[in-house]
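> Below: one structure in structure tokens.
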Amino acid sequence: MNVSGNLREPALAKRHRIGQLFEWACCGSTWFGMVVLSLLLLSIGWKAMAWPIPDADAVDRAAATKTDAKANALLSPRPLSTRFLTSYDSRVPQKAGIKAALWGSLWLLVFVTITTVPVGVGAAVYLEEYSNEGRWKRIIQVNLSNLAGVPSIVYGILGLTVFVRMFGLFGHDGKVLDFNLGFAMLSIPLPFERSVISGALTLSLLVLPTVIVAAQEALRAVPSSIRTASYALGATQWQTIRHQVLPAAMPGIMTGVILSLSRAMGETAPLIMIGALTYLAKCPGKIDSLSAVWQHPTGLLEAPFDVFTSLPIQIFNWVSRAQPEYDHLAAAGIMVLLVVLMMMNTAAILIRNRFQRRTQW
Amino acid sequence: MTIMQSFSELMHQRQQRETVKRSRLVETETEVSKLDVNNLNFFYGEKQALFDVSMTVPERSVTAFIGPSGCGKSTFLRTLNRMNDIIEGTRLTGKVTLEGQDIYASEVDVVALRKRVGMVFQKSTPFPKSIFDNVAYGPKIAGQRNQKELQGIVEQSLKRAALWDEVKDRMQDSALALSGGQQQRLCIARALATNPDVLLMDEPASALDPASTARIEDLIFELKQNYTIVIVTHNMQQAARISDWTAFFFQGYLIEKDRTQKLFTTPKKKQTEDYITGRFG
């Protein structure tokens, strides 16, 4: 009896071909994104590395007038340079830099972190650890997901009403609350106007839903046996959360927070809504370097309530100007923003990997 | 009946072992009751899991609960330190007393109860921390801050759990690096560190290899000199080897509770006999 059978099956070849086609299609999808992205990066990088080539007319005019010759003398070899990082925006493209925007973004980052982390983690802990399953929890949960999808410009309008104007509660001129801290005066203007704190609170509202959902997922991933074991040793619920659940969930929470913060850093629309300045030649609180903090420490108290600009706003502003040089400045600004965001994302990945190796159960 | 004979043999081996051990101890024959349970009914939502269970657990002895899966033995164990409180929608009627105090009375703090009635679970659950921090966790959360005291407690607990010699040189290593059997002994040490009177064990050896199981059983044998131990096991040989009293649960009812030797050799109820001779379950 022949049990070996025929090992050549013509119908199989067709099935293999379909499989092959599918593989190519998937490969194509991957490369489509990669190619477009790298083209974009290359063109921006190229722009950031060189000034536009002046056309013949402009060269003639430059030769004719002395002032432009002076400007040309100042011309640095490329838009993206150390000078770009250390000078303020200017009407002369060759002198313009991103300093005010960098410090503005840094202040935003600090205050968004300060407000988002406690509120976001607190809400997640309440929802996951304390609240009972039920209709209210479901309603809150659904709304959180919805809020995460609300367009950022809507948050801008919210921030404008709540933080910048404070519903007009403080009249036309507003009020100033003064606190004597002993070593310095802390003056809080009410409403907050177009200050760092308004921007930070608005961005914080924007990313809170994402942070809460990410933190909830991290908490849910902590095995319940850890909680039970802790309770069995006579721990209260707070001790269990503080000593077992939160430390175990921390890498997940941190990753979620950092990714949300990098989203906040790139947001433009809500900040334009609340009126962040597009042209600014000073840093919040006049702090433009670390040494300035020593010389002028009260600036730290003034900065949150000072006007500001941020990286994406500065880029937006440059893109909308007419001279071609500003296009190249915008490209340089984009490179700086991308480097900042990539650094934050790398930090998120490093934190995740580091903790994943340590906690495995 | 061969199975009955094999149990008799087991009993005999055990008695020999026990006489060796007991010769070192002051013999006390009086049974002092530690835990008393009266007419306990337990519900998961609408579903009743335990029906009118009454029993006493004598002090400084090992009481084993046996029975087929889903018979309520683990549920009953968890009512003894109120671990069921964590599960939403559970309800209970009846009375459980620890040395005469009703543990379900409104003025009882469940945290204080769990400090006196420790628990070890089937799956060893070391915290993702160092060996030292795992054992020191209980005393620390109870407010012990003195580092020297803590070290003393940790050392003593690990010695009692027969783990000290294996880990004394690597106290700061992660507890997750220990083997399964070591992890389970660590969990026992951790439970001992809060200085409980009663130790509840929910199938503590069921996920372990025979060698580790033997170590845990030896340990339980040692521990009953100082602690009241209640153990749930699905392994009847294990119950026969280590317990003084055995309770047989079936479908939420306590069918029979007796001296281990009696229950395994001359059970009073038909169901018990059927179960231990392997006719069902």
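Read-outs: derived from the displayed coordinates by stated rules, not from any lab. Keep in mind that this is a model prediction, so the values were computed, not measured. Backbone-built Cβ (ideal geometry, glycine too); neighbour counts: all protein chains shown.
> First select every other residue whose beta carbon is under 12 angstrom from the beta carbon of residue A:299; then total the charges, Lys and Arg +1, Asp and Glu -1.
Charge balance near residue A:299 sits at -1.
> Still on this structure, I have one more. How many angstrom lie between the C-alpha centres of the stretch B:205-281 and the stretch A:77-93?
When both Cα centres are located, 81 Å separates them.
> What number, in nm² with one decimal, is the all-direction average of the projected area of the convex hull of the alpha-carbon atoms of the stretch A:123-265?
Quarter of the Cα hull surface area: 12.2 nm².
> Considering every Cα-Cα pair within the stretch A:82-358, what fraction, in whole percent, is farther apart than 32 Å? Walk me through the numbers before you get to the answer.
Details: 13273 of 38226 pairs.
Looking at the stretch A:82-358, the distances longer than 32 Å represent 35 percent of pairs.
> Counting other Cβ atoms within 10 Å, which chymotrypsin sites (Phe, Trp or Tyr not before Pro) in the stretch B:108-195 have at most 15 and lie in a DSSP loop?
Within the stretch B:108-195, no chymotrypsin sites (Phe, Trp or Tyr not before Pro) qualify (loop, at most 15 other Cβ atoms within 10 Å).
> Counting only other residues whose beta carbon sits under 12 Å from that of residue A:195, what net charge do I get with K and R as +1, D and E as -1?
-2
> Quick check on the exposure proxy: order B:148, B:140, B:129 from fewest to most C-beta atoms within 10 angstrom.
So the residues, fewest neighbours to most, are B:148, B:140, B:129.
> Shifting gears a bit: Put a dot 7 Å past each Cα toward the Cβ at residue A:150 and residue B:87; how far apart are the dots in nm?
4.1 nm
> How high is the relative contact order of chain B, in percent, counting Cα pairs under 8 Å that sit 6 or more residues apart? Don't jump to the answer; show the numbers that get you there.
Values: 488 pairs, mean separation 75.9, N = 281.
Relative contact order here is 27 percent.
> Multiply the residue separation of residue A:41 and residue A:26 by 0.36 nm, subtract the distance between their alpha-carbon atoms, and state the gained length in nm to one decimal.
3.1 nm
> Here's another thing I want to ask about it. Order by neighbour count: B:115, B:168, B:123, fewest other Cβ atoms within 10 Å first, most last.
Lowest to highest Cβ neighbour count: B:168, B:123, B:115.
> What is the diffusion coefficient of the protein assembly as shown in µm²/s, taking the Kirkwood radius over Cα pairs and the Stokes-Einstein relation at 10 °C with a viscosity of 1.306 mPa s?
Translational diffusion coefficient: 51 µm²/s.
> Related question: Compute the Rg to Rh ratio over the stretch B:124-281 from the alpha carbon atoms, using the Kirkwood formula for Rh, and round to two decimal places.
Across the stretch B:124-281, the Cα-based Rg/Rh ratio is 1.05.
> Using +1 at the C-beta of Lys and Arg and -1 at the C-beta of Asp and Glu, which of A:284, A:346, A:196 has the Cα lying farthest in the positive direction of the dipole of the stretch A:195-352?
Comparing the listed Cα positions along the dipole, A:346 ranks first.
> Also, quick follow-up: To check my understanding: the extent here is largest minus smallest coordinate of the Cα atoms along each principal axis. What are those three numbers for the stretch A:223-361, in Å, largest first?
69, 34, 30
> Could you calculate, for the stretch B:58-133, the ratio of the Cα radius of gyration to the Kirkwood radius, expressed as Rg to Rh?
0.99
> Among A:46, A:103, A:318, determine the one that fluctuates most according to a GNM of chain A built with springs between C-alpha atoms less than 10 Å apart.
Answer for the Gaussian network model of chain A: A:46.
> Once you average over the residues of B:122-130, how many Cβ atoms of partner chains fall within 10 Å of each Cβ?
The shielding value for this peptide is 5.
> Once amide H atoms are built 1.01 Å from N in the peptide plane, which residues 5 or more positions from residue B:144, or in another chain, come under 5 Å H to H?
Amide H to amide H, under 5 Å and 5 or more residues apart or across chains, residue B:144 pairs with nothing.
> Under 10 Å, Cα contacts only: if you run a Gaussian network model on chain A, which one of A:35, A:92, A:293 comes out with the highest mean-square fluctuation?
Evaluated over chain A, the most mobile residue of the options is A:35.
> Moving on. Provide the net charge surrounding residue A:207, with neighbours chosen by a C-beta distance below 14 Å and charges set as Lys +1, Arg +1, Asp -1, Glu -1.
Charge balance in the 14 Å sphere: 0.
> While we're on this one: Mind counting lysine pairs for me in chain A? Cα separation below 17 Å, and the two need to be 8 or more apart along the chain or on different chains. Before the final figure, lay out the partial values.
Numbers: A:47/A:95; A:70/A:95; A:95/A:282; A:99/A:282; A:99/A:286.
For chain A, qualifying lysine pairs total 5.
> If you build a Gaussian network model of chain B, linking Cα atoms that sit under 10 Å apart, which residue out of B:239, B:105, B:189 swings the most?
Checking each option, the largest mean-square fluctuation is seen for B:105.
> Could you line up A:40, B:113 from fewest to most neighbouring Cβ atoms inside 10 Å? Walk me through the numbers on the way to the answer.
Numbers: A:40 11, B:113 21.
Least to most surrounded, the residues fall as A:40, B:113.
> What percent does the relative contact order of the stretch A:82-358 come to when contacts are Cα pairs within less than 8 Å and at least six residues apart? Intermediate values should be presented prior to the final figure.
Details: 402 pairs, mean separation 73.0, N = 277.
With pairs under 8 Å counted, the relative contact order is 26 percent.
> Rounded to the nearest 500 deg cm²/dmol, what is the calculated helix-only ellipticity per residue at 222 nm for the protein assembly as shown, with -39500 (n - 2.57) per DSSP H run of length n ≥ 4?
-17000 deg cm²/dmol
> Taking residue B:269 as the anchor, which lysines have their alpha carbon closer than 20 Å to its alpha carbon, excluding any fewer than eight residues away along the same chain?
Residue B:269 reaches B:73, B:257.
> Related question: Using θ = phi - 60° and the Karplus relation 6.51 cos²θ - 1.76 cosθ + 1.60, list the HN-Hα couplings for the stretch A:143-158 in order, rounded to whole Hz, with x at every Gly or Pro.
Calculated HN-Hα couplings, in order: 5, 4, 5, 5, 4, 5, x, 6, x, 5, 5, 5, 5, x, 5, 4 Hz.
> Near residue B:159, which lysines are there with a Cα under 20 Å away, not counting those fewer than 8 places off in the same chain?
Candidates past the 8-residue exclusion: B:21, B:115, B:129, B:140, B:148, B:168, B:224.
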